[in-house]
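J.: Encoded as C-alpha cells, here's the structure I'll be asking about.
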Amino acid sequence: MSADFAGRTVLVTGAAHGFGRAIALAFAQRGADVFACDVLADELAETQRLCLAAGGACVVATVDV
C-alpha cells in the first residue's frame, strides 16, 4: 500500500532513533512536511539529515514532552 502525504504536516515525537526515526523518514519519503522532536539533539540532526536526503522536508526541535 502506498499513501501520499503531500501537503500534510506530521508531528513525530521520539524521532531521534528507532521507531520514531523510521516513522519520520517514512512520512518524509511520502511527501509530508515532518516536524520531528525528541530530547536527543545530536540524534535528531541525523533524523533530519536522513529525511532531507530522502527528498523530504524535516524541521527538528529538542523538546521534552
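The values are calculated or read from the model by the stated rules, or taken from the named source; none is laboratory data. Predicted model, so just to flag it, every value in this text is computed and none were measured. A quick note on method: Cβ atoms are made from the backbone with ideal geometry, for glycine too, and the neighbour counts reach across all protein chains shown. Ligands, DNA and RNA are excluded from the accessible area calculation, which covers all protein heavy atoms including side chains. Shrake-Rupley method; radii C 1.70, N 1.55, O 1.52, S 1.80 Å.
J.: Mind checking which residues of region 48-65 are open to solvent by 70 Å² or more (accessible area, probe 1.4 Å) and under 15 Å from Thr9 (Cβ atoms)?
T.: Val59
J.: Residues in region 26-47 that are surrounded by fewer than 21 Cβ atoms within 10 Å (Cβ to Cβ) and part of a helix (DSSP H, G or I): how many?
T.: Looking only at region 26-47, we keep the residues that are surrounded by fewer than 21 Cβ atoms within 10 Å (Cβ to Cβ), and these are 26, 29-31, 33, 35, 39-43, 45-46.
Next, from what is left, pick out any that are part of a helix (DSSP H, G or I): 26, 29, 41-43, 45-46.
Adding up the residues that qualify gives 7.
J.: What number of residues in region 56-65 are in a loop (DSSP other than H, G, I, E, B) and under 12 Å from the mean Cα position of the chain (by Cα)?
T.: First pass over region 56-65, keeping only residues in a loop (DSSP other than H, G, I, E, B): 56, 63-65.
Narrowing the set further to residues that are under 12 Å from the mean Cα position of the chain (by Cα) leaves 56.
Final tally of qualifying residues: 1.
J.: Do we find that Gly18 is within 23 Å of Ala3 (Cβ to Cβ), at pLDDT below 95, surrounded by fewer than 18 Cβ atoms within 10 Å (Cβ to Cβ) and not polar (S, T, N, Q) in this structure? Give the steps one after another, and end with the answer.
T.: Working: within 23 Å of Ala3 (Cβ to Cβ): yes; at pLDDT below 95: no; surrounded by fewer than 18 Cβ atoms within 10 Å (Cβ to Cβ): yes; not polar (S, T, N, Q): yes.
No; evaluated as a whole, the condition is false for this residue.
J.: Does Ala16 meet the test of being touching an Asp or Glu at 6+ places or on another chain (Cβ under 9 Å) and not polar (S, T, N, Q)?
T.: Numbers: touching an Asp or Glu at 6+ places or on another chain (Cβ under 9 Å): yes; not polar (S, T, N, Q): yes.
Taking the combined requirement at face value, the residue satisfies it.
J.: Would you check if Ala26 is without any contact (Cβ under 8 Å) to a residue 12 or more places away in the chain, of a type in the set (Gly, Ala, Ser) and out of contact with any strand residue (DSSP E or B) (no Cβ under 9 Å at 6 or more places or on another chain)? Talk me through it step by step, then tell me what you get.
T.: Working: without any contact (Cβ under 8 Å) to a residue 12 or more places away in the chain: yes; of a type in the set (Gly, Ala, Ser): yes; out of contact with any strand residue (DSSP E or B) (no Cβ under 9 Å at 6 or more places or on another chain): yes.
Taking the combined requirement at face value, the residue satisfies it.
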